[in-house]
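Below is one structure; the comments refer to it alone.
Every read-out reported here was derived from the displayed coordinates using simple, explicitly stated rules and does not represent laboratory data. Being a predicted model, the structure only gives us computed values, none of them experimental. We place every Cβ from the backbone using ideal geometry, glycine too, and count neighbours over all the protein chains shown.
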Amino acid sequence: MQAFYLNQDRMIMGKTLAEKIWADHVVRSAAGEPDLIYIDLHLIHEVTSPQAFDGLRLAGRKVRRPDLTIATEDHNVPTLDILKPIADPISKLQVDTLRANCAEFGVRLHSLGDAEQGIVHVVGPQLGITQPGMTIVCGDSHTSTHGAFGALAFGIGTSEVEHVLATQTLPLVRPKTMAINVEGTLKAGVTSKDIILAIIAKIGTGGGQGYVLEYRGSAIRALSMEGRMTVCNMSIEAGARAGLIAPDEVTYAYVQGKPHAPQGADWSAALAYWKTLQSDADAKFDVEISINADELEPFVTWGTNPGQGLPLSANVPNPADIVDAEERGAAERALTYMGLTAGTPLKSIKVDTVFLGSCTNGRIEDLRAAAAVLKGNKVATGTRMLVVPGSDRVRVQAHEEGLDKVFIDAGAEWRNAGCSMCLGMNPDQLAVGERSASTSNRNFEGRQGKGGRTHLVSPLVAAATAIRGTLSSPADL
Amino acid sequence: MDKFLTHVGTAIPLRRSNVDTDQIIPAVYLKRVTKSGFEDGLFAAWRNDPEFVLNNRAYAGATILVAGADFGTGSSREHAVWALQNYGFKVVISSRFADIFRGNSQKAGLLTIVLPEGDVEALWEVIEKDPSAGITVDLAKKEISFAGKILTFELDDYVRWRLMEGLDDIGLTLQKMDEVGEFEAKRASFKPKTLPVLS
Ligand code: SF4
């Protein structure tokens with residue numbers, strides 16, 4: 001009898017936020033098949049879409065919902081001389097192909113030079129087409145960024161891009177859920193970037209595999225929308241399918257008034273729905289972990305995957321101290337690649353290039369934070385700093401606030417919007433052996449240019465590092 | 001997509017963990033607008049090293065890649081799968097794959113097999129001793145056999161069925177568009193649209 005009641009309890013047990021959004025988008029569910037999930041928004045860019053449009057054309061298919069689809073040029077566009085023809089013929093071919101495909105299939109496109117052009121994950125939120133409770137996909141792994149709004153958002157491959165274009169759905173297996181509770185208050189100089197770098201260092205680059213992460217706790221609730229986007233952005237770096245944060249007043253306030261935000265009666269209906277979007281108190285996560293925000297410090301990576309990070313005050317680790325043989329081997333290879341010696345204080349590492357930008361930290365708040373540190377200071381001799389706004393709108397706003405002048409006066413290069421040195425598909429690349437402090441999300445070998453060495457940092461650390469020429473936080477100035 | 005039933009070939013050991021998609025195919029090689037020709041970018045940075053295992057003539061013609069844990073982490077680029085396929089790989093074996101990579105490979109018809117670390121090690125030892133050792137992968141039986149050993153592996157039945165039938169997902173979903181239409185009819189009106197363009 002008792003067992004029966006227990007089972008009953010299980011059946012009415014609460015749902016996590018991810019499970020609620022999932023349930024609201026199931027078109028079809030059958031035993032032994034993945035669920036067919038409806039997609040509310042499909043974001044497109046030039047690198048992962050050409051083969052998908054080609055597939056449609058070959059099969060004589062149409063884009064089912066152009067009105068739920070939007071494209072932008074970001075990954076390999078130049079950030080200088082943007083109105084001239086793109087010099088690299090292959091980049092030009094990809095951008096031209098995107099333009100032709102969007103025109104042929106009726107997809108809205110924001111091209112280079114357009115006021116709404118920018119990195120796809122910066123553009124969606126600023127247009128207000130990223131909203132709570134949605135399913136959002138893009139042929140780009142950092143689609144997890146949009147999870148900051150309480151949307152289920154994840155990266156897909158090109159075959160899936162084609163699938164969504166043709167059907168506005170995806171067959172998907174329901175992921176497991178992991179709660180990451182970040183309680184406490186961040187110290188001054190510690191940011192959302194440090195939270196997520198610390199989480200990845202703790203759970204590892206495979207720790208989130210198969211899960212949707214839900215970031216919770218007082219330290220997460222205290223973040224601005226942009227800070228939350230930084231956290232969710234790097235969920236993929238922990239191997240997770242997606243990351244999300246329950247929407248709250250901060251979220252509603254951010255969405256309200258954006259061009260595509262609901263209006264009038266729709267706003268009330270949307271708000272009523274959004275308010276149901278939290279994990280129920282009795283919901284059960286497959287895994288829960290906790291992070292104490294009080295103890296966090298500015299974080300920096302020393303290796304070649306985002307999990308190889310430490311507080312800035314630490315020394316380069318000694319691989320000999322690592323027990324796990326595979327991890328030890330990886331650390332040894334990473335140090336060789338990075339040209340670092342165990343025991344070196346991280347703060348003494350000299351940096352050639354500082355990159356401020358990307359979908360992780362290329363938003364207006366990131367630029368403001370870095371500019372506040374740089375104001376009245378100069379970029380160190382022997383160091384160059386590249387500032388690349390995440391979107392053209394961010395660039396214009398920064399200009400209106402006079403931030404561009406702060407960067408230029410400090411000796412930094414002020415560029416047009418795009419992915420730029422985050423992945424070095426355009427001319428913005430590191431040279432062999434060159435070392436960067438970068439606000440982007442990946443420090444893989446060669447990510448920012450062949451042979452380039454990347455340290456991932458927050459915008460505050462990036463700015464302080466530019467001034468001192470060695471990895472630094474504003475407290476070191 | 002071709003049907004995948006059994007595959008017989010030789011294997012190449014890639015003794016590295018955390019092989020991310022930027023290593024499988026660096027971004028500078030992503031600029032094609034076709035699905036072919038990506039073999040030149042496969043492990044491009046590592047192939048400059050004459051000692052790298054892909055440069056070892058003894059493994060020429062291998063069709064099975066045996067890699068360390070966490071293969072395919074990083075970006076969602078399906079080009080990583082195409083590069084492996086374009087180069088001639090039919091099967092990748094590892095103790096753990098990144099989710100997006102695994103999903104992409106299953107859709108494109110590249111079989112990814114998860115084996116426990118110990119089995120991967122055993123397989124490495126065999127193919128390092130004898131690069132010409134024949135390996136048979138039987139998808140119906142979910143078995144890999146080599147050097148007189150038979151190992152079984154797990155694979156989702158639905159994925160296996162699709163691979164064995166060579167079925168493409170889009171065709172399958174297009175048979176269910178009535179249900180998609182019904183779902184759309186009930187969608188909330190407050191959900192955003194990208195068209196018309198507002199500002
Ligand atoms: S900024 Fe970097 S991570 Fe973000 S979409 Fe562009 S390339 Fe990807």
Taking 0.36 nm per residue of separation between A:D96 and A:L83 and subtracting their Cα-Cα distance, the length gained on full extension comes to 3.3 nm
For region B:4-184, build the convex hull from the C-alpha positions and give me its volume per residue in Å³.
126
For region B:129-143, in residue order, the Karplus 3J(HN,Hα) values (coefficients 6.51, -1.76, 1.60; θ = phi - 60°; whole Hz; Gly and Pro = x) are 6, 9, x, 8, 4, x, 10, 10, 10, 10, 6, 4, 8, 6, 10
Computed on alpha carbon atoms, what radius of gyration and Dmax characterise region A:301-476, expressed in Å?
15.8, 53
Does a label point 7 Å from the Cα of B:M1, set along Cα-to-beta-carbon, have any residues of region B:149-190 with amide nitrogen under 17 Å, and which are they?
B:155-176
Relative contact order in percent for chain A (Cα pairs under 8 Å, 6+ apart) equals 17
Karplus ³J(HN,Hα) for region A:38-53 (6.51 cos²θ - 1.76 cosθ + 1.60, θ = phi - 60°; Hz, whole; x = Gly/Pro) runs 7, 10, 7, 8, 10, 9, 9, 9, 6, 7, 9, 9, x, 5, 6, 5
Calculate one ³J(HN,Hα) per residue across region A:141-152 by plugging θ = phi - 60° into the Karplus curve 6.51 cos²θ - 1.76 cosθ + 1.60, and present them in order as whole Hz with x for glycine and proline.
5, 7, 4, 3, 3, 5, x, 4, 8, x, 10, 8
Can you give the relative contact order of chain B as a percent, counting alpha carbon pairs under 8 Å and 6+ residues apart?
25
Do you know the relative contact order of region A:274-354, to the nearest whole percent, from alpha carbon pairs under 8 angstrom that are 6+ apart?
26
If the limit is 23 Å between Cα atoms, which of B:K107/B:K142; B:K90/B:K142; B:K3/B:K142; A:K193/A:K405; A:K275/B:K191 go over it?
A:K193/A:K405
Suppose every Lys and Arg Cβ carries +1 and every Asp and Glu Cβ carries -1, with no other charges. What dipole size does region B:4-184 come out with about its Cα centre, to the nearest 20 debye?
580
Dipole of the protein assembly as shown, positive direction: furthest Cα of A:I322, A:M225, B:L5, with charges on the beta-carbon
A:M225
Show the residues, 5+ positions off or on another chain, whose built amide H is closer than 5 Å to the amide H of A:T470.
A:V351
Which value, in debye to the nearest 20, describes the size of the charge dipole of region B:1-79 about its Cα centre when Lys and Arg Cβ atoms bear +1, Asp and Glu Cβ atoms bear -1, and nothing else is charged?
160
Simple Cβ-charge dipole of chain A, Lys/Arg +1 and Asp/Glu -1, about Cα centre, in debye nearest 20:
360
Show the residues, 5+ positions off or on another chain, whose built amide H is closer than 5 Å to the amide H of A:T344.
A:V316
Which value in deg cm²/dmol, rounded to the nearest 500, describes the helix-derived mean residue ellipticity at 222 nm for the protein assembly as shown, given -39,500 (n - 2.57) per DSSP H run of n ≥ 4 and division by the residue count?
-9500 deg cm²/dmol
Given the C-alpha atoms of region A:176-320, compute the convex hull and give its volume per residue in Å³.
128
Take the Cα atoms of chain A, find their three principal axes, and give me the spread along each one in whole Å, biggest first.
68, 59, 44
Positive end of the dipole of region B:33-160, charges at C-beta (+1 Lys, Arg; -1 Asp, Glu), about the Cα centre: which of B:F146, B:T63, B:V53 has its Cα farthest in that direction?
B:T63
With r as the distance between the Cβ atoms of A:I322 and B:E121 and R0 = 22 Å, compute the FRET efficiency 1/(1 + (r/R0)^6) and round to 0.05.
0.70
Amide H within-cut-off set for A:I44, under 5 Å, with H built and near neighbours excluded
A:I70, A:A71, A:T72
